[in-house]
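Just below is one structure, and these are the notes that go with it.
Each reported figure results from applying straightforward, stated rules to the coordinates on display, with no laboratory input. These figures come from a predicted structure and were not determined experimentally. For neighbour counting, all protein chains shown are included, and Cβ atoms are generated from backbone atoms with ideal geometry for every residue, glycine included.
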Amino acid sequence: MSDVFDLDRLRAETPGCAAGMHFNHSGASLPSQSTLTAMWDYLRREAHDGPMETANHATALLDEVRADTAALIGARPSEIAFLASGSTAWGAAFSALPPLAAGDRILVGRQEWGGNLATMQDAAARAGASVETIPVREDGSVDAEALAQMIDERVRLVSLTWLPANSGLINDAAAVGRVTRAAGVPYFIDAGQALGQIPIDVATLGCDVLKAAGRKFLRGPRGTAILYVRQEFLPRLTPRYLDVLSGPIVDGVVKIRNDARCFEAGEISPALIFGLGAATRQARTLGISAIRERIDTLASGLRDNLRSIPNVTLRDLGTEHSGIVSFTIEGIPAAGCSRRECGRPLRTAPGGKRRWPPRSRR
Ligand SMILES: Cc1ncc(COP(=O)(O)O)c(C=O)c1O
């Protein structure tokens, strides 16, 4: 795979690579220089010409980013909204569903992201509805056949975190989509750890809503996320709040946009979106399948090495694994493990505060 990528060039184009190894892509990745430049250039123009005035000339470029992002997941540009975080995107779509009633049911994957789960549980508790877990197969992955058995006329939503933030699991999200499509039940996918890591095609997945932050495997900036809403599904949603972009008042009548941007705030940071655009272009140029293969090679090597260390247990679930490698070390809690660096404890600054990055890496 290193034949496909010029790794030296790619590392040279990522300033953070000079400082050391970064293992936290599932939290947020190191951006490339082109992503930083896209943001800096725009911020410089804002500072020079005025932020509002600069934005007047940025519309076509923002449309390009939207089109690139849509192409990355097999969507139409009108099906993409930019938001500030994955949770905001998910919450915007969830809160736009018809209100829950007593006895309604929401079905979720076992590894549902905590924030999504909290939102659903809270809404369900207030309505007298229930949130139920879809059974898993022996390997810990979602069981689409069991889901089919659970569906009845009270199910209002199926929600699946495709690649959980730990355990390396890749759920069969498309199998779930086939069940929800056949039943006509809304289907939300949390693709937070999938975007930029594995190929995404919303038609194959059969989802109505999909969201992901830009900062993880796609290597976009923090403060960015995409929300996909299937065009044909949009009429079933009512945004909980509007602004002058999402719902302008025309001749005294509120005209809610009829595209996914009805969930987008009028006030977004173009600089961040251009950073997201640069990261998206780079990922598409490299090819998501090639990226997936490279991640798989690295993660498999890491798994093999960890397996050979006594007292280390891999915590993978599922059969196909993502680049998120989870393990435990007997006798060392997770926090203690992450505090150590190359076998050394993290430096302690005067006053007992932990110092990051350690002096050797600055
Ligand atoms: C699978 C998954 N969903 C949702 C989130 C939350 O996204 P955000 O922090 O952008 O709200 C994360 C963050 O790590 C995640 O891994």
Sorted from largest down, give the three principal axis spans of the alpha carbons of region 38-284, whole angstrom values.
-> 59, 46, 27
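Cα gyration tensor of region 1-143, axes a ≥ b ≥ c as square roots of the eigenvalues: rounded (a/c below 1.5), prolate (a/b > b/c) or oblate?
On the way: a/c = 2.57, a/b = 1.50, b/c = 1.71.
Verdict is oblate for region 1-143.
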Long-range alpha-carbon pairs in region 142-247, meaning those over 21 Å apart, account in percent for 40 percent
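Pulled fully out, how much extra length does the chain show between ALA67 and THR285, if you take 0.36 nm times their separation in residues and subtract their Cα-Cα distance? Let's see the in-between values first.
Values: separation 218, 0.36 × 218 = 78.48 nm, distance 1.46 nm.
Working it through step by step, the gained length comes to 77.0 nm.
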Added length on full extension, which subtracts the Cα-Cα distance from 0.36 nm per residue, ARG154 to THR297 | 47.1 nm
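Assuming R0 = 22 Å, can you tell me the calculated FRET efficiency for the pair VAL254 and ALA55, based on Cβ-Cβ distance, to the nearest 0.05?
Details: r = 24 Å, r/R0 = 1.08.
FRET efficiency, VAL254 to ALA55: 0.40.
For region 1-84, what D do you get in µm² per second when you plug the Kirkwood radius from alpha-carbon pairs into Stokes-Einstein at 4 °C and 1.567 mPa s?
On the way: Rh = 15.6 Å.
D = 83 µm²/s.
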Near THR319, within a Cβ-to-Cβ distance under 11 Å, what is the net charge of the other residues, with Lys and Arg +1 and Asp and Glu -1?
-> -4
Looking at region 170-265, which chymotrypsin sites (Phe, Trp or Tyr not before Pro) are in a loop (DSSP not H, G, I, E or B) and have at most 13 other Cβ atoms within 10 Å?
-> TYR241
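Quote to one decimal, in nm, the extra length available between GLU132 and ILE309 on full extension: 0.36 nm per residue of separation minus the C-alpha distance between them. Spell out each step's value before the answer.
On the way: separation 177, 0.36 × 177 = 63.72 nm, distance 3.83 nm.
Working it through step by step, the gained length comes to 59.9 nm.
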Add -39500 (n - 2.57) for each DSSP H run of 4 or more in the chain, then divide by its residues: what number comes out at 222 nm, to the nearest 500 deg cm²/dmol?
-> -11000 deg cm²/dmol
